[in-house]
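*Asks:* So that we are looking at the same thing, I have put the structure below in structure tokens.
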Amino acid sequence: MTSRSYRIGVIPGDGTGPEVVREGLKVMEAVRSGFKVDTVEYDLGGERFLRTGDVLPQSALDEMRGLDGLYLGAVGHPDVPPGVLERGLLLKIRFELDQYINLRPVRRYPGVETLIPSQAEEDVDFVVVRENSEGLYAGAGGSQRTNTPYEVATQESINTRHGVERCIRFAFAMANGPDRRGHVTMVHKTNVLNYAGDLWTRTFEQVAEHFPDVDTAYVHVDACCIYFLEVPQRFDVIVTDNMFGDIITDLGAMIQGGMGVAAGGNLNPEGVSMFEPIGGTAPDHVGKGTINPIAAIAAMQMLLEVLGEADAANRVDQGIRFATQKMASMRAGMMGYSTSEVGDLVVEGATR
Ligand code: IPM
Ligand code: MN
């Protein structure tokens, strides 16, 4: 019976990563039907680095190129200097596998409360298409005369026509698709970042000509933050650069219900993509069973969508909605449920 089969790399990583990845895999097993999944687990992250000095061995990276997808928990460790794991592991995978889109849906599930009482559940439903391969993240720059009074540090934003255009095209194609409302907003800071902003603006306008059915808008990134709180309904698809996308999706997470529910995908539409909850390692929650696994489960849903397993993905969505509603009706949020109980609720909702 089973004809389709996938090899998925799993990187539980640090902090609460392993706890939430376990729930995502549990849900995937529950909805899996008509296809097979072999997981390849990678021991990567802070513990491995402290033990062996390895961040991401070349052999692991090479093997990842042959997989059908990657599922990541979180990376970052209090005893590892900042940047080692972020740049050496997470960003290295994004860059080496050319995962040039960071797709972050901002959707509010039923029953989930947020800090903005004036927003209704249906008001928050958009996606951020974050450029994921260049910008300030490219690592261009340097420092000289370090630790002297004459020290200088530069950090340059790299924007290529190719990189910007493929990102903007992706956003337009998505807005044109069946699940969206045909509207793209570019978010930038063109009034100050004149060189990069100019390239982005011209590319945006030129790509827009190929999508006559898609409406467009532009907002500065600072104003975008206000609109997230005041009129999130104005957004359908947002396209923006790497750094702005990083920042606004944390705010986006807050209007969808917090880091515990926000998922993202690092996509290479022609290659290997990686899915992750965007909340990080959550040190306060480690080992307590109090971390919300919904974000990681929603990341699993995105992975299934990209694999083409739409039925399984839809069932995960149904399961998440069942779970968030159930938790709300208990009026306890995560307080009343452990990480694995939330995973069980999703399974229950997904398999009804
Ligand atoms: C994210 C994270 C990463 C980023 C860090 C951990 C490098 O904040 O995925 O949003 O800045 O992209
Ligand atoms: Mn971030």
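*Asks:* Only helical DSSP H runs with n ≥ 4 go in: add -39500 (n - 2.57) per run for the chain, normalise by residue count and round the 222 nm mean residue ellipticity to 500 deg cm²/dmol.
*Replies:* Taking each H run of at least 4 residues, the total per residue is -12000 deg cm²/dmol.
*Asks:* Give me the one-decimal nm value for the distance between modelled label points at THR351 and HIS220, 7 Å along each residue's Cα-to-Cβ direction.
*Replies:* Using points 7 Å along Cα→Cβ, the separation is 5.3 nm.
*Asks:* Could you derive backbone 3J(HN,Hα) for the stretch 76-92 from the dihedral phi with the Karplus parameters 6.51, -1.76 and 1.60 (θ = phi - 60°), listing whole Hz in sequence and x where the residue is Gly or Pro?
*Replies:* So the Karplus estimates, Gly and Pro as x, are x, 9, x, 8, 10, x, x, x, 4, 7, 4, 6, x, 10, 4, 5, 5 Hz.
*Asks:* Please work out how much length the chain gains when fully extended from ARG161 to VAL84, using 0.36 nm per residue of separation minus the C-alpha to C-alpha distance, in nm with one decimal.
*Replies:* Result: 24.8 nm gained on full extension.
*Asks:* Report the net charge of residues surrounding ASP62, where surrounding means a beta-carbon distance below 15 angstrom and charges are Lys +1, Arg +1, Asp -1, Glu -1. Please report the intermediate quantities before stating the final value.
*Replies:* Working: positive: ARG7, ARG65, LYS92; negative: ASP54, GLU63, GLU96, ASP98.
Around ASP62, the surrounding residues sum to -1.
*Asks:* Could I ask something else about it? Quote the relative contact order of the chain in percent (integer), defining contacts as alpha-carbon pairs under 8 Å separated by 6+ residues. Could the numbers behind the result be given before it?
*Replies:* Numbers: 734 pairs, mean separation 83.7, N = 352.
Answer for the chain is 24 percent.
*Asks:* Putting +1 on Lys and Arg Cβ atoms and -1 on Asp and Glu Cβ atoms, find which of ASN268, MET300, PRO283 reaches farthest to the positive end of the dipole of the stretch 211-352.
*Replies:* Farthest towards the positive end: PRO283.
*Asks:* Let me ask something else about it. For a label point 7 Å from the Cα of SER3 along Cα→C-beta, name the residues of the stretch 19-39 whose backbone N is under 16 Å from it.
*Replies:* Under 16 Å, as judged by backbone N against the label point of SER3, lie 33-36 of the stretch 19-39.
*Asks:* If you average 1/r over every pair of different alpha-carbon atoms in the chain and take one over that average, what Kirkwood value in Å do you get? Don't jump to the answer; show the numbers that get you there.
*Replies:* On the way: mean 1/r = 0.0478 Å⁻¹.
Over the chain, the inverse of the mean reciprocal pair distance is 20.9 Å.
*Asks:* So, one more: Evaluate the distance, in nm, between pseudo-label points positioned 7 Å from the Cα of GLU341 and of ILE247 along their respective Cα→Cβ axes.
*Replies:* 4.0
*Asks:* For GLU63 and GLU209, what does the FRET efficiency come to when R0 = 41 Å and r is the distance between their Cβ atoms, rounded to the nearest 0.05? Mind showing how you got there, number by number?
*Replies:* Numbers: r = 42 Å, r/R0 = 1.02.
Working from the Cβ atoms, E equals 0.45.
*Asks:* Now for a different question. Given q = 0.09, 0.12, 0.20 Å⁻¹, what are the Debye log10 I(q)/I(0) values for the stretch 205-352, with equal point scatterers placed on the Cα positions and solvent ignored?
*Replies:* -0.35, -0.62, -1.34
*Asks:* Right, next: Please list, by residue number, everything in the stretch 252-267 whose backbone N is under 19 Å from a paramagnetic label point 7 Å out along Cα→Cβ of GLU96.
*Replies:* 266-267
*Asks:* Still on this structure, please answer the following. Zone of TYR227 (label point 7 Å along Cα→Cβ, backbone N under 19 Å): which residues in the stretch 97-136?
*Replies:* 103-108, 119-120, 122-131
*Asks:* Compute a Gaussian network model of the chain, connecting alpha carbons closer than 10 Å, and tell me which residue from ILE255, ILE168, ILE116 fluctuates the most.
*Replies:* Evaluated over the chain, the most mobile residue of the options is ILE116.
*Asks:* Oh, and also: Need the full-extension length gain, ARG234 to ALA140, defined as separation in residues times 0.36 nm minus the C-alpha distance. One decimal, nm. Intermediate results must be reported in sequence, preceding the final value.
*Replies:* Details: separation 94, 0.36 × 94 = 33.84 nm, distance 3.45 nm.
That pair, ARG234 and ALA140, stretches by 30.4 nm at full extension.
Laboratory data are not the source of any read-out in this text; all were calculated from the coordinates shown. Just so it is clear, the model here is predicted, and its values are computed rather than measured. Counting neighbours? That spans all protein chains shown, and the Cβs are built from the backbone with ideal geometry, glycine included.
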